[in-house]
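As structure tokens, the structure follows; a few thoughts come after it.
The values are calculated or read from the model by the stated rules, or taken from the named source; none is laboratory data. Remember, predicted model here, so these are calculated numbers, not experimental data. To get the accessible areas, we keep the full protein, side chains included, count just its heavy atoms, and leave off ligands, DNA and RNA. Shrake-Rupley method; radii C 1.70, N 1.55, O 1.52, S 1.80 Å.
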Amino acid sequence: QVQLVESGGGLVQPGGSLRLSCAASGSIFSINAMGWYRQAPGKQRELVAAITSGGNTNYVDSVKGRFTISRDNAKNTVYLQMNSLKPEDTAVYYCNAGVITGAGPYEYNYWGQGTQVTVSS
């Protein structure tokens, strides 16, 4: 079994910054892509940013230049640095990872429990 545990959410004023972390643990052989999604009230979940095991990244247009995704493969952890936050960034943020477990050889998709980010004055 694999668990993804997120941390770092909270309340921040517009223009502020937050850093989200997501640590994967359990029976992990390797992790392929990792990503951050978000879901605002009444809206569909959307991909915010993703990073491959080799470090290639992609972002939704609305966060380009403000958010940075990174990962520490040795710690099975992915981060999301969020700068210049806007009220429209308010959402529950979910971590996602494609994991090949110790039993191998297939990749399974795992989700974290979500962490609330609220941008408000």
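Table for the structure above
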{"item": "With 10 Å bins from 0: P(r) over the chain, alpha-carbon pairs, percent", "result": "14, 47, 29, 9, 1"}
{"item": "Length-normalised contact order for the chain - Cα pairs under 8 Å, 6+ apart - percent", "result": "36 percent"}
{"item": "Carbon and sulfur %, accessible surface of the chain computed with the full protein complex present, 1.4 Å", "result": "48 percent"}
{"item": "Highest-fluctuation residue, 21, 53, 70 considered, GNM on the chain with Cα pairs under 10 Å", "result": "53"}
{"item": "With DNA, RNA and ligands ignored, accessible area of residue 52 (1.4 Å probe; Å², nearest 10)", "result": "50 Å²"}
{"item": "Per residue Cα convex hull volume in Å³ - calculated over region 1-68", "result": "119 Å³"}
{"item": "Order of exposure, largest accessible area first, which applies to 29, 67 with probe 1.4 Å", "result": "29, 67"}
{"item": "Residue 16 long-range amide H proximity, modeled H, under 5 Å", "result": "85"}
{"item": "Whichever lysines have a C-alpha closer than 21 Å to that of residue 43, once near sequence neighbours (fewer than 8 apart) are set aside", "result": "64, 86"}
